[in-house]
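Participant: My structure is below; once you've seen it, I'll send some questions.
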Amino acid sequence: MEQEKIKIFLIGDYRSGTGPANVTLEYKNRIPGVLLQRMRSKVLRVPELIVKILRSDVILLSGHSRQNVLSLKIARRFHKRSAFLMHGCVEHENAINGVPDASMNETERKTMEGADAIYAVSAHFADWLKRNYPEHAGKISAVPNGMDLTAQSLPQTAEKIKHRLISVGGGMPRKQIRYIAEAVMRLRQESAYADTELIVIGAKGLDTEAVNAFPCVRDLGIVSREKTMELLGSSELFIQNSCFETFGLAPLEALKAGTSLLLSTEIGATELIPGLQDGDLIRDTHDPEEIAGKIKALLENGNHDRLLSSIDTEYVSWNRRCDLLIRKLQELAKK
């Protein structure tokens, strides 16, 4: 697509390997001529922001950061338009996880207020933001995350370990892994599924003790990306039972690794997988009986091939998503 050239200054973490950082990295690698924030020193960061905001046509703030507020002040001073790419809602997610932070909430609200446009990483999340922050509804729209499903990006399918399940999120209450564990314990009452195991990956949280109390759970904590992909590839079923998930990269990684999916209806990434059926979706994230029944059905008849074949790989590609983002920024820069 022929696009009018504009200079975009991308501000945000693209180094740490977190979900939001990986998304920022995708845009870093795809936006032609993008200006990047490179200085890590707080002393040098401010002059870098000033110089690069002056050189840019529009700034894109990717993710939550205290420096967003300063960046927006500088942008306003020099009459530059700004967009805030929201990967999540810190205020809501921290409340669910039992770790509210007034300072983080204030930063997020000031960023939403100061930005000229707010881009949510899924249509599901954009709708949620409009309902919960109606004062900003007029500037909220969706720029969904992408996924690379070219033949070259799909790893060789690993050998599956029978009745191995996996979930990512550790002890974070928002991920609701304790209900998955309870469902697995119900399933293990049937002799045919007595050996079912739930692998849990992720940092400790308020639910860690409750999750680890179930004998079916093997909690591996934080592991490398390489180890994560190995575990995803060797598992029969990936389960994400989040009560709030703005997008969710892990299910897409599991699909790429050759693993079947069981997802809650609250996950934004479900909008990229048109082949999802009722048996692939958790309607009540607090109902171990529903979860157990759907785990059993998917262990008997996996859904990986059906789901993968339903996806329009070009439509969901990162290149297409980058085109959408650039078009939106072009329109914003003209206002």
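The values are calculated or read from the model by the stated rules, or taken from the named source; none is laboratory data. A quick note: this is a predicted structure, and the numbers were derived from the prediction, not measured. Glycine also receives a Cβ, built like all others from the backbone with ideal geometry; neighbour counts cover every protein chain displayed.
Participant: Out of the range 46-61, which residues are closer than 12 Å to Phe78 by Cβ and of a type in the set (A, V, I, L, M)?
Facilitator: Leu49, Ile50, Val51, Ile53, Leu54, Val58, Ile59
Participant: Moving on. Go over the candidates Leu70, Leu25 one by one and state the one that is touching a helix residue (DSSP H, G or I) at 6+ places or on another chain (Cβ under 9 Å) and not acidic (Asp, Glu).
Facilitator: Leu70
Participant: Restricting the range 206-237 to residues that are acidic (Asp, Glu) and buried (at least 19 other Cβ atoms within 10 Å of the Cβ), which is farthest from Asn97 (Cα to Cα)?
Facilitator: Going through the qualifying residues, I end up with Glu236.
Participant: Residues Leu165, Leu149: which one is at pLDDT below 95, outside any helix (DSSP H, G or I) and surrounded by 13 or more Cβ atoms within 10 Å (Cβ to Cβ)?
Facilitator: Leu149
Participant: Looking at (1) surrounded by fewer than 15 Cβ atoms within 10 Å (Cβ to Cβ); (2) modelled with pLDDT of 95 or more; (3) within 30 Å of Phe84 (Cα to Cα), find the lone condition where Gln189 falls short.
Facilitator: Against the list (1) surrounded by fewer than 15 Cβ atoms within 10 Å (Cβ to Cβ); (2) modelled with pLDDT of 95 or more; (3) within 30 Å of Phe84 (Cα to Cα), Gln189 comes up short only on (3).
Participant: Out of the residues in the range 56-82 that are in contact with a Lys or Arg (Cβ under 7 Å, 6 or more places away or on another chain) and part of a strand (DSSP E or B), state the one that is farthest from Ala21 (Cα to Cα).
Facilitator: The selected residue is Arg81.
Okay, residues lined up against (1) at pLDDT below 95; (2) out of contact with any Pro (no Cβ under 9 Å at 6 or more places or on another chain); (3) loosely packed, with under 14 Cβ neighbours inside 10 Å:
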{"position": "Lys42", "(1), (2), (3)": "yes, yes, yes"}
{"position": "Ser56", "(1), (2), (3)": "no, yes, no"}
{"position": "Leu61", "(1), (2), (3)": "no, yes, no"}
{"position": "Ser71", "(1), (2), (3)": "no, yes, no"}
{"position": "His79", "(1), (2), (3)": "no, yes, yes"}
{"position": "Asp116", "(1), (2), (3)": "no, yes, no"}
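Participant: All but one of (1) crowded, with 20+ Cβ neighbours inside 10 Å; (2) closer than 24 Å to Glu93 by Cβ; (3) at pLDDT 95 or above hold for Leu252; which doesn't?
Facilitator: (3)
Participant: The conditions are (1) in contact with a Ser or Thr (Cβ under 8 Å, 6 or more places away or on another chain); (2) outside the structural domain of Arg186 (by TED's automatic domain parsing); (3) among the hydrophobic types (A, V, I, L, M, F, W, C), and Leu329 fails exactly one of them. Which is it?
Facilitator: (1)
Participant: Those residues that are small (Gly, Ala, Ser), touching a residue at least 40 places away in the same chain (Cβ under 8 Å), under 23 Å from Arg66 (Cα atoms) and assigned to a helix (DSSP H, G or I), I need them from the range 114-146; list them, please.
Facilitator: Once the filter is applied, which keeps residues that are small (Gly, Ala, Ser), touching a residue at least 40 places away in the same chain (Cβ under 8 Å), under 23 Å from Arg66 (Cα atoms) and assigned to a helix (DSSP H, G or I), the range 114-146 yields only Gly114.
Participant: Return only the number of the condition from (1) at pLDDT below 95; (2) closer than 21 Å to Ile222 by Cβ that Gly171 does not satisfy.
Facilitator: (1)
Participant: Here's a follow-up. Would you mind stating whether Ala203 is surrounded by fewer than 22 Cβ atoms within 10 Å (Cβ to Cβ) and more than 22 Å from Glu266 (Cα to Cα)?
Facilitator: no
Participant: Another question, then. In the range 276-335, what residues are outside any helix (DSSP H, G or I), buried (at least 18 other Cβ atoms within 10 Å of the Cβ) and free of Cβ contacts under 8 Å to residues at least 40 places away in the same chain?
Facilitator: Leu276
Participant: Is it fair to say Ala102 is surrounded by 14 or more Cβ atoms within 10 Å (Cβ to Cβ), outside the structural domain of Arg178 (by TED's automatic domain parsing) and under 30 Å from Ser264 (Cα atoms)?
Facilitator: Spelling it out, it is not the case that Ala102 is surrounded by 14 or more Cβ atoms within 10 Å (Cβ to Cβ), outside the structural domain of Arg178 (by TED's automatic domain parsing) and under 30 Å from Ser264 (Cα atoms).
Participant: Still on this structure, I have one more. Any residue that is of a type outside the set (Val, Ile, Thr), under 18 Å from Ala250 (Cβ atoms) and without any contact (Cβ under 8 Å) to a residue 40 or more places away in the chain - is there at least one of those in the range 159-181?
Facilitator: Among the residues of the range 159-181, at least one is of a type outside the set (Val, Ile, Thr), under 18 Å from Ala250 (Cβ atoms) and without any contact (Cβ under 8 Å) to a residue 40 or more places away in the chain, which makes the answer yes.
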